[in-house]
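The values are calculated or read from the model by the stated rules, or taken from the named source; none is laboratory data. Model, not experiment: these values are computed from the prediction. Here Cβ is always computed from backbone atoms with ideal geometry, including for glycine, and neighbour counts include all displayed protein chains.
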Amino acid sequence: MSSGPASPTVTLLYSYPLSLVLQACRYLCEAWWTCRSTARHRWRDRSDFLLAKEQPLSVIQPQIRHDLDLEVRPEPRWTGAIPHWQGIPCRLGRVEMWLPVRGNQPLRSFLLLVLLPRRTAAHALPYVYLGAQFLVEFRTQLTLDCSSGRPHAMTGQLVIP
């Protein structure tokens, strides 16, 4: 599914602290998405994602899909029921995501399986949620460095074969 290079690539993650009763941290990453301008013309636009490995599938909220005019492809291999997200019925599809690669290499593309909620969830953050399925499908090694103990200084990386 990925038009990836022969050797693994590294994409950096940056901490995104959340103020909750307990300090929590999610990881944010720059991402680019294939969008349409007309039926025949496509381009890329940026919208960051939050690494949300507690989510089984990646999720793209309706407002983000609308603002980017994402090109969503069908996923004909899915045979089960389509899960809901936070109680909201969803569609399922694939979108093309482009990740930066450490070392100023060209962006690397992936066809990401996503849940597409039919309406926006009340407490959802305004980011794409990158779920666990991406990590499994692309055999991604996830490394998080929390050694500083400070949520703002935590870093991580995705190593993708």
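Condition check for His66 on (1) outside any loop (DSSP other than H, G, I, E, B); (2) modelled with pLDDT under 90: one failure, at (2). Among the residues of region 1-34, those identified as part of a loop (DSSP other than H, G, I, E, B) and at pLDDT below 80 are Met1, Ser2, Ser3, Gly4, Pro5, Ala6, Ser19, Leu20, Val21, Leu22, Gln23.
Taking the criterion of being over 13 Å from the mean Cα position of the chain (by Cα) and either assigned to a strand (DSSP E or B) or aliphatic (A, V, I, L, M) (or both), the residues of region 35-54 that qualify are Cys35, Arg36, Ala39, Arg42, Trp43, Arg44, Asp45. Considered as a group, the residues in region 121-140 that are surrounded by fewer than 13 Cβ atoms within 10 Å (Cβ to Cβ) and at negative phi include one that is modelled with the highest pLDDT, and that residue is Val136. A single member of Thr140, Thr120, Thr79 is under 19 Å from Leu28 (Cβ atoms) and of a type in the set (Ser, Thr, Tyr), and it is Thr140. Can you say whether Glu71 is of a type outside the set (Gly, Ala, Ser), within 19 Å of Gly131 (Cβ to Cβ) and at pLDDT below 95, as far as the supplied structure shows? No.
When Thr143, Thr79 are checked against the criterion of being outside any strand (DSSP E or B) and hydroxyl-bearing (Ser, Thr, Tyr), Thr79 stands alone in meeting it. Pairing each residue of region 60-78 that is farther than 22 Å from Ala124 by Cβ with any residue that is of a type in the set (Val, Ile, Thr) and assigned to a helix (DSSP H, G or I), provided the two are 6+ apart or on different chains, yields no C-beta distance under 6 Å. Among the residues of region 35-59, those identified as among the charged types (D, E, K, R) and either modelled with pLDDT of 85 or more or within 20 Å of Thr155 (Cα to Cα) (or both) are Arg44, Asp45, Arg46, Asp48, Lys53, Glu54. Residue-level check: of (1) farther than 24 Å from Arg42 by Cβ; (2) over 18 Å from the mean Cα position of the chain (by Cα); (3) of a type outside the set (Gly, Ala, Ser), Gln105 misses just (1).
Among the residues here, Pro74 qualifies as surrounded by fewer than 16 Cβ atoms within 10 Å (Cβ to Cβ), farther than 18 Å from Trp32 by Cα and in contact with a strand residue (DSSP E or B) (Cβ under 8 Å, 6 or more places away or on another chain).
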